[in-house]
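Asks: Sharing a structure below in structure tokens format, with a few things to ask.
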Amino acid sequence: ISILGFICLFGLTRQLSWVRSQNFDKRSLYAVTFFLVQLILVFLLSGTNPLQEFYGASGRNIGFLAYFGLLCLFLATTLTANKHTLDFLVHSLLVTGAISVIYGLIQALNADPANWLNRYNRVIGFLGNPDFQSAFLGIVAVISSGMLFKTNQSKLKRISPLRTLSTKKG
């Protein structure tokens, strides 16, 4: 997260003139500034081990660095997102979710070709942890539900995860 966040931050600073010319919602920039100030205050005033506060607890690594990377990713996506990339992201998540559901069913039926040694239950999905698998499938379920309730499309197009990948872009 932090490596990708810094790559996005570097890309944004290299294209600062492009960023200034874009017509984006300034509320995103205010939100990033607000959360960055919060992160800095927690980092400086928490009174805990600064190294652990910076990197996060061992094994989780969700500290200042990870949250800063997430803020950079958020800012970069709000500045560069358009309808085509959002459609591609939604449909990529739907396809990945369908594959993940199928693999989870294979694991639930004890038919997994890989003999995983894990301390969790047998359904760990591609993410290696049942908690991550269920969180990812929850996100996919929310996106799928939103797609089902689009009223301006036929029922077949609503349930097909590949519907915009096969249409022409103009």
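The values are calculated or read from the model by the stated rules, or taken from the named source; none is laboratory data. Because the structure is a prediction, the values reported are computed rather than measured. Quick reminder, even Gly has a Cβ in these numbers, built from the backbone with ideal geometry, and neighbours come from all protein chains shown. Please note that ligands, DNA and RNA were not included when accessible areas were found on the heavy atoms of the full protein model with its side chains. Shrake-Rupley method; radii C 1.70, N 1.55, O 1.52, S 1.80 Å.
Asks: Does any residue in the range 106-119 that is surrounded by 10 or more Cβ atoms within 10 Å (Cβ to Cβ) come within less than 6 Å, Cβ to Cβ, of a residue that is among the basic types (Lys, Arg) six or more places away or on a different chain, and which pairs are these?
Replies: Every condition considered, the pairs that remain are GLN107/ARG122.
Asks: Could I ask something else about it? Does THR164 count as at pLDDT below 85, open to solvent by less than 40 Å² (accessible area, probe 1.4 Å) and assigned to a loop (DSSP other than H, G, I, E, B)?
Replies: Values: at pLDDT below 85: yes; open to solvent by less than 40 Å² (accessible area, probe 1.4 Å): yes; assigned to a loop (DSSP other than H, G, I, E, B): yes.
Yes, satisfied.
Asks: Would you pick out the residues in the range 25-76 that are surrounded by 15 or more Cβ atoms within 10 Å (Cβ to Cβ) and farther than 21 Å from LEU4 by Cα?
Replies: Selection gives PHE43 alone.
Asks: Out of THR80, THR96, THR85, report the one residue that is surrounded by 14 or more Cβ atoms within 10 Å (Cβ to Cβ), out of contact with any helix residue (DSSP H, G or I) (no Cβ under 7 Å at 6 or more places or on another chain) and farther than 23 Å from ASN129 by Cα.
Replies: Working: THR96 fails: farther than 23 Å from ASN129 by Cα; THR85 fails: surrounded by 14 or more Cβ atoms within 10 Å (Cβ to Cβ).
Answer to the selection: THR80.
Asks: Then there is this: Out of THR96, THR80, THR85, which single residue is in contact (Cβ under 8 Å) with a residue 40 or more places away in the chain and among the hydroxyl-bearing types (Ser, Thr, Tyr)? First the steps, then the outcome.
Replies: Numbers: THR80 fails: in contact (Cβ under 8 Å) with a residue 40 or more places away in the chain; THR85 fails: in contact (Cβ under 8 Å) with a residue 40 or more places away in the chain.
So the residue among THR96, THR80, THR85 that is in contact (Cβ under 8 Å) with a residue 40 or more places away in the chain and among the hydroxyl-bearing types (Ser, Thr, Tyr) is THR96.
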